[in-house]
Amino acid sequence: MATTVTSATLKVQIQENIELNGTTRGSKIIHEIASIAQIDERVMTVPTHDVNVLILSSSAGAGTYSTSTFKYARFTNLDDENYLTITVVSGSDGSAAVQKLPPKSSMIMTSPSISGSSGGLESSNQFSDFTAVKASANSSSVDMSLFIATT
């Protein structure tokens, strides 16, 4: 397929700033992710039941991204009061990792590979690619910002 899209480098900046007891502290880190050719950015309303917000598969399609090209995702809870439950579903055995995303906070993913185990650290280094990220709001619908980058 011929394309007119020229890939570019995505720059992600993480910065902390605080003045604590008269002393300014913090740091700034800039991550550069090369060869990004596709960006999806949107705000969606998440209901109080699980909905897919990101799906990975062997090939891209409507609302689905290719696992091999996934490079970055950011999920931001835009609500002032309600939290989101973010569930990352593993493709290998149907297991999931769940994280609470408080109001006005973000979660970043930079790899499709996840691992986890209730058996301790020695059994948690077996990585598999996630197949879906689901979200649900705790007590009423929540607006969430998504930013997804692929090569």
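The values are calculated or read from the model by the stated rules, or taken from the named source; none is laboratory data. No experiment lies behind these values; they were computed from the predicted model shown. Positions of Cβ are generated from backbone atoms using ideal geometry, with glycine treated the same way; all protein chains shown enter the neighbour counts.
Here are the numbers for the structure shown:
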quantity: Sole exception among (1) in contact with a Ser or Thr (Cβ under 8 Å, 6 or more places away or on another chain); (2) closer than 30 Å to Ser139 by Cβ; (3) not in a loop (DSSP other than H, G, I, E, B) for Thr48, by number; calculated: (3)
quantity: Leading residue by the ranking (surrounded by the most Cβ atoms within 10 Å (Cβ to Cβ)) among those in the stretch 57-87 that are within 24 Å of Ser113 (Cβ to Cβ), hydrophobic (A, V, I, L, M, F, W, C) and at pLDDT 95 or above; calculated: Leu84
quantity: Matching residues, the stretch 30-42, being part of a strand (DSSP E or B) and either within 18 Å of the chain's Cα centre (by Cα) or on the phi < 0 side of the Ramachandran plot (or both); calculated: Ile30, His31, Glu32, Ile33, Ala34, Ile36, Gln38, Ile39, Asp40, Glu41, Arg42
quantity: Ser27 without any contact (Cβ under 8 Å) to a residue 24 or more places away in the chain and outside any strand (DSSP E or B); calculated: no
quantity: Residues of the stretch 88-114 that turn out to be exposed (fewer than 15 other Cβ atoms within 10 Å of the Cβ), more than 15 Å from the chain's Cα centre (by Cα) and polar (S, T, N, Q), as a count; calculated: 1
quantity: Condition check for Thr85: more than 30 Å from Thr6 (Cα to Cα), assigned to a strand (DSSP E or B) and either out of contact with any strand residue (DSSP E or B) (no Cβ under 9 Å at 6 or more places or on another chain) or among the polar types (S, T, N, Q) (or both); calculated: yes
quantity: Unmet requirement for Arg74, which otherwise passes all of (1) in contact with a strand residue (DSSP E or B) (Cβ under 7 Å, 6 or more places away or on another chain); (2) within 24 Å of Thr9 (Cα to Cα); (3) in a loop (DSSP other than H, G, I, E, B); calculated: (3)
quantity: Leu54 being in contact with a Lys or Arg (Cβ under 9 Å, 6 or more places away or on another chain), surrounded by fewer than 18 Cβ atoms within 10 Å (Cβ to Cβ) and modelled with pLDDT of 95 or more; calculated: no
quantity: Members of the stretch 12-24 found to be surrounded by fewer than 10 Cβ atoms within 10 Å (Cβ to Cβ) and either in contact with a strand residue (DSSP E or B) (Cβ under 6 Å, 6 or more places away or on another chain) or part of a loop (DSSP other than H, G, I, E, B) (or both), listed by number; calculated: Gln13, Gln15, Glu16, Asn17, Ile18, Asn21, Gly22
quantity: Within the stretch 51-67, tally of residues that are in contact with a Leu (Cβ under 9 Å, 6 or more places away or on another chain) and not in a strand (DSSP E or B); calculated: 2
